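J.: Next up is a structure, given as structure tokens.
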Amino acid sequence: MIPWHVVSGMNGAVMVLPRDGLKDEAGKALKYDRIFYIGEHDLYVPRDENGKFKKFASLGESYDETLQVMRGLIPSHVVFNGKVGSLTGDNALKAKVGETVLIIHAQANRDTRPHLIGGHGDHVWEEGKFVNAPAKDLETWFIRGGSAGAALYTFLQPGLYAYVNHNLIEAAELGATAHVTVEGEWNDDLMKQVQAPGPIPTN
């Protein structure tokens, strides 16, 4: 019953901040403008004889067949916040240039490796222990199954950032992708924009 409960999305994270706030490796105060929560779930959805995902009248009715699928240890979906596309398109997370975001990432069942395409983790608490000194400037960080971690990043340029599980098979094929839409002015001092983004030529 406990594994079924976890792979049915019934899990989350509790964040306890230090009384005096977050600190860098030298003990200097860190600030942030907003928090994103990424709950990563591995789901094991049964298929019918034609290979299509089955639907059930209630979650309880799916118990026996879900149990059979999950014992194979191969998820049908690996998703953020409950379903494929929950944090992309119209549901994309939003920030502004110059804002610092604290990204909390939890996975109840499997190890995962978050990665922010177009950015990185300025400060990262992989083990979720804010009293520990954070690691700095990580491209990808590690979240152990059954735990949560956090990363702090200041967005420096506008655009669409992809936040993924860096098992890219799970990100691209199973659903573990989120988008962050960042608004603001482009800063040529950081990186010169030769041409503004536009449609991709088809010929």
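The values are calculated or read from the model by the stated rules, or taken from the named source; none is laboratory data. Note that the structure is a prediction, hence the values are computed from the model and not measured. Counting neighbours? That spans all protein chains shown, and the Cβs are built from the backbone with ideal geometry, glycine included.
J.: Just need a number here: residues in the stretch 5-50 that are closer than 17 Å to residue 123 by Cβ, touching a strand residue (DSSP E or B) at 6+ places or on another chain (Cβ under 9 Å) and not charged (D, E, K, R).
T.: The qualifying residues number 9.
J.: Then there is this: Of everything in the stretch 34-82, what is touching a Leu at 6+ places or on another chain (Cβ under 9 Å) and among the charged types (D, E, K, R)? Give them in sequence order.
T.: 34, 42
J.: From 30, 17, 73, 67, which residue is more than 13 Å from the chain's Cα centre (by Cα), at positive phi and aliphatic (A, V, I, L, M)?
T.: Unique residue meeting the criteria: 73.
J.: Tell me whether the stretch 21-39 contains one or more residues that are more than 25 Å from residue 137 (Cα to Cα) and not acidic (Asp, Glu). Write out each step before concluding.
T.: To start, the set of residues in the stretch 21-39 that are more than 25 Å from residue 137 (Cα to Cα) comprises none.
Looking through the stretch 21-39, none of the residues is more than 25 Å from residue 137 (Cα to Cα) and not acidic (Asp, Glu).
J.: Additional query: Given the residues 57, 92, which is the only one that is under 20 Å from residue 181 (Cβ atoms) and among the hydrophobic types (A, V, I, L, M, F, W, C)?
T.: 92
J.: If we keep just the residues of the stretch 10-22 that are within 18 Å of residue 153 (Cβ to Cβ) and touching a residue at least 40 places away in the same chain (Cβ under 8 Å), which is surrounded by the fewest Cβ atoms within 10 Å (Cβ to Cβ)?
T.: Residue satisfying both the conditions and the ranking: 17.
J.: Working carefully through the options 141, 186, 125, find the one that is closer than 30 Å to residue 3 by Cα and over 12 Å from the mean Cα position of the chain (by Cα).
T.: Step by step, each of 141, 186, 125 is checked, and only 125 is closer than 30 Å to residue 3 by Cα and over 12 Å from the mean Cα position of the chain (by Cα).
J.: Between a first residue in the stretch 139-152 that is free of Cβ contacts under 8 Å to residues at least 60 places away in the same chain and a second residue that is among the charged types (D, E, K, R) and surrounded by fewer than 23 Cβ atoms within 10 Å (Cβ to Cβ), which pairs have beta carbons less than 6 Å apart while being 6 or more apart in sequence or on different chains?
T.: Within 6 Å, the pairs are 140/113; 141/126; 142/113; 142/126; 144/111; 145/110; 145/111; 149/126.
J.: Given 137, 33, 48, 122, which one is of a type in the set (Asp, Glu) and modelled with pLDDT under 95?
T.: One residue alone meets the criteria, 48.
J.: Another question, if that's okay. So for the stretch 108-131 (the condition being within 17 Å of residue 161 (Cα to Cα), among the hydroxyl-bearing types (Ser, Thr, Tyr) and touching a strand residue (DSSP E or B) at 6+ places or on another chain (Cβ under 7 Å)), does at least one residue qualify?
T.: No, every residue in the stretch 108-131 fails to be within 17 Å of residue 161 (Cα to Cα), among the hydroxyl-bearing types (Ser, Thr, Tyr) and touching a strand residue (DSSP E or B) at 6+ places or on another chain (Cβ under 7 Å).
J.: Given the conditions (1) modelled with pLDDT of 95 or more; (2) on the phi > 0 side of the Ramachandran plot; (3) not basic (Lys, Arg), which single one is not true for residue 82?
T.: Condition not satisfied by residue 82: (1).
J.: For the stretch 133-203, which fully contained strands (runs of 3 or more DSSP E) count at least 1 residues that are surrounded by fewer than 14 Cβ atoms within 10 Å (Cβ to Cβ), at negative phi and basic (Lys, Arg)? Let's see the steps before the verdict.
T.: On the way: elements: 135-138, 147-154, 159-165, 177-183.
The strands (runs of 3 or more DSSP E) meeting that bar are 135-138.
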